[in-house]
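Before any comments, here is the structure.
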Amino acid sequence: MPKNRNTFSFAARAAALARSAETARAVLADLSGARRRATTRAVQGGWRLVKQAGAVSAERPGRLRFGSIGHATKLAFPQGTVFGERWIHLGDYCIVGESVTLTAGMMPDLDLGPDPILTLGNGVVLGRGSHIIADTTITIGDDCYFGPNVYVTSTNHSYDDPETPIGKQWPRVDPVSIGPGCWVGTGAVILPGARLGRNVVVAAGAVVRGEVPDHSVVAGAPAKVVRSWDKENGWQPPLRTPAPVPIPADITPEQLVALAELDHEAS
């Protein structure tokens, strides 16, 4: 009997120790999870502060000295490659996303003369990771919207000499102009010499060269006009979806919320 009692007592103590160890592991796991959550919140909060502090505006240009930077224009942090700022002019209310490259001239520290090389109009939006490479004049009109990773360049490599590596041959440059109100889709490429008219839509991934008339939609590589508009015929080919109904000018935010709740209840 004593032996059995000792065996029982040992087993009970072992079970109690196992429960205690499991409880300790659970407590440590909770603490570890809490530390991870706290660390995540701290890193995210710190990064938000860094991004706010690193954003560039007319009031807080940092190291960048643009030829002009308009009212309420902001370049998000981190910025991409930026040089030749003296010849870069940014209009009012522009939004330049993260990691956007803006360059004037083939390399830094060149004297490019008295006139602007890269000009953004008012209300231009450049999506994250876009590149605007202005070795000669690039002009982007008011209220143009670019998706992410758009590439606009005024320079192209030449390959005239079959014996010399292409990268060592002198490039060709040709001005680019993008009219007001254009929409340029994700990953589109605008090549040297391109001249886009007013309110042109460039499809995602399109490669654009040459002249594009007002109120056109272009797509493909090389891009071709796939739809256009004029006063007499409207859109041709006709649009496949109805035009969105605009929000009335006098509607209040509270009314919009109420309408959204009605739509949710109806669904």
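The values are calculated or read from the model by the stated rules, or taken from the named source; none is laboratory data. For clarity, every value in this text was computed on a predicted model and none was experimentally measured. Every residue, glycine as well, gets a Cβ built from its backbone with ideal geometry; the counts of neighbours run over all protein chains shown. Note: accessible area is taken over every heavy atom of the protein model, side chains too, but ligands, DNA and RNA are not part of it. Shrake-Rupley method; radii C 1.70, N 1.55, O 1.52, S 1.80 Å.
Here are a few things to note about the model shown:
- If you wrap the stretch 15-148 in the convex hull of its Cα atoms and look at it from every side, the mean projected area works out to 11.2 nm².
- To put it simply, the accessible area of the stretch 180-240 at a 1.4 Å probe is 54 percent carbon and sulfur.
- Tensor-based shape of the chain (alpha-carbon gyration tensor, a/c under 1.5 rounded, otherwise prolate or oblate): prolate
- Förster-model FRET efficiency, 41 Å R0, Glu232 and Ile95, C-beta, rounded to 0.05: 0.70
- For the pair Leu256 and Leu49, the difference between a 0.36 nm per residue extended length and the Cα-Cα distance amounts to 71.3 nm.
- The stretch between Arg65 and Ala21 holds 9.6 nm of extra length on full extension. This uses 0.36 nm per residue minus the Cα-Cα distance.
- Cα gyration tensor shape for the stretch 110-226, rounded if a/c is under 1.5, else prolate or oblate: oblate
- Net charge in the neighbourhood of Asp214 (other residues with Cβ under 10 Å of its Cβ; Lys, Arg +1, Asp, Glu -1) is 0.
- Contact order normalised by residue count of the chain, Cα under 8 Å, 6+ apart, percent: 8 percent
- Local charge for Ala104 was computed over the other residues whose Cβ lies under 13 Å away, with Lys and Arg +1 and Asp and Glu -1, and equals -3.
- Protection proxy ranking, peptides 243-252, 86-95, average beta carbon neighbours within 10 Å, highest first: 86-95, 243-252
- Peptide packing for 35-47, 126-138, 222-234 was compared via the average number of neighbouring C-beta atoms within 10 Å per residue; ordered from the highest value, the list is 126-138, 222-234, 35-47.
- With 10 Å bins from 0: P(r) over the stretch 83-177, alpha-carbon pairs, percent: 16, 45, 27, 9, 1
- Accessible solvent surface per residue of the chain, calculated while the other protein chains remain in place, 1.4 angstrom probe, Å²: 64 Å²
- Set of aspartates and glutamates with alpha-carbon distance to Lys51 below 12 Å, sequence-local pairs under 8 removed: Glu98
- Calculated FRET value between Asp111 and Thr39, using beta carbons and R₀ = 41 Å, to 0.05: 0.25
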